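The values are calculated or read from the model by the stated rules, or taken from the named source; none is laboratory data. No experiment lies behind these values; they were computed from the predicted model shown. In this analysis, Cβ positions are derived from the backbone assuming ideal geometry, glycine residues included, and neighbour counts consider all displayed protein chains. The accessibility values were calculated without ligands, DNA or RNA, using every heavy atom of the protein model including side chains. Shrake-Rupley method; radii C 1.70, N 1.55, O 1.52, S 1.80 Å.
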Amino acid sequence: MTKKSRKSVKSVGTPATVALTEAGVSFTTHSYAHDPAAASYGEEAAEALGVSPEQVFKTLLADVDGTLTVAVVPVSGSLDLKALAAAVGGKRAAMADPAVAERTTGYVVGGISPLGQRKRLRTVVDASAEGRPTVCVSAGRRGLEVELSPADLAALTGARFAPIARG
């Protein structure tokens with residue numbers, strides 16, 4: 001396969017899967033039929049994949065003292081904004097406006113991946129991921145997840161692990 005054809009094969013993926021492929025990281029993609037009426041994208045993914053909601057992580061964007069920050073937490077819980085702020089040395093955190101999150105990451109809400117974003121943002125992954133062999137995160141669109149090791153997720157996003165989830 002020539003370089004040119006390899007590029008065209010890669011281009012059919014999402015920015016997240018392209019980033020994983022280019023980094024040489026081992027990962028598995030899982031796709032499912034997304035239901036637009038689903039109450040929770042993350043819980044829908046866990047159910048469709050037949051895995052525990054503790055293994056599927058959602059990607060949220062928060063504004064911490066004026067800086068957009070990515071938080072990756074299990075879909076079984078919620079983001080503790082105070083803990084996120086503390087994890088990055090900030091004072092206050094609030095959820096980012098969804099339109100700002102989409103514009104900044106290049107992904108749509110419900111399909112925001114921590115990988116392959118338009119702009120590299122400060123990222124924190126909940127500490128519960130560290131003890132797992134693999135985690136699932138959005139691969140960049142609704143109905144597509146990527147499974148990879150937490151260490152690879154942290155390495156590719158420059159993330160730190162911290163206890164930022166509740167429940």
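Of the residues making up the range 127-149, those that are on the phi < 0 side of the Ramachandran plot, of a type outside the set (Ser, Thr, Tyr) and open to solvent by 10 Å² or more (accessible area, probe 1.4 Å) are Ala127, Glu130, Gly131, Arg132, Pro133, Arg141, Arg142, Leu144, Glu145, Glu147. Of all the numbered requirements in (1) modelled with pLDDT under 95; (2) open to solvent by less than 60 Å² (accessible area, probe 1.4 Å), Leu84 misses one, and that requirement is (1). Could you go through the range 98-107 and let me know if any residue there is more than 23 Å from Gly131 (Cα to Cα), without any contact (Cβ under 8 Å) to a residue 24 or more places away in the chain, open to solvent by 20 Å² or more (accessible area, probe 1.4 Å) and not in a helix (DSSP H, G or I). No, because not a single residue in the range 98-107 is more than 23 Å from Gly131 (Cα to Cα), without any contact (Cβ under 8 Å) to a residue 24 or more places away in the chain, open to solvent by 20 Å² or more (accessible area, probe 1.4 Å) and not in a helix (DSSP H, G or I). Using the structure shown, decide if Pro114 is closer than 22 Å to Ala38 by Cα, at pLDDT 95 or above and open to solvent by 50 Å² or more (accessible area, probe 1.4 Å). Against the criterion (closer than 22 Å to Ala38 by Cα, at pLDDT 95 or above and open to solvent by 50 Å² or more (accessible area, probe 1.4 Å)), Pro114 does not qualify. The single condition among (1) modelled with pLDDT under 95; (2) within 23 Å of Ser149 (Cβ to Cβ) that Leu20 does not satisfy is (1). Number of residues in the range 119-143 that are in a loop (DSSP other than H, G, I, E, B) and at pLDDT below 95: the value is 5. Ala71 satisfies every condition listed in (1) open to solvent by 10 Å² or more (accessible area, probe 1.4 Å); (2) closer than 14 Å to Ala165 by Cα except (1). Among the residues of the range 28-43, the ones that are surrounded by 12 or more Cβ atoms within 10 Å (Cβ to Cβ) and either acidic (Asp, Glu) or more than 14 Å from Glu147 (Cα to Cα) (or both) come to 6 in all. Scanning the range 50-68 for residues that are within 21 Å of Glu147 (Cβ to Cβ), in contact (Cβ under 8 Å) with a residue 24 or more places away in the chain and surrounded by fewer than 18 Cβ atoms within 10 Å (Cβ to Cβ) returns Val51, Ser52, Glu54.
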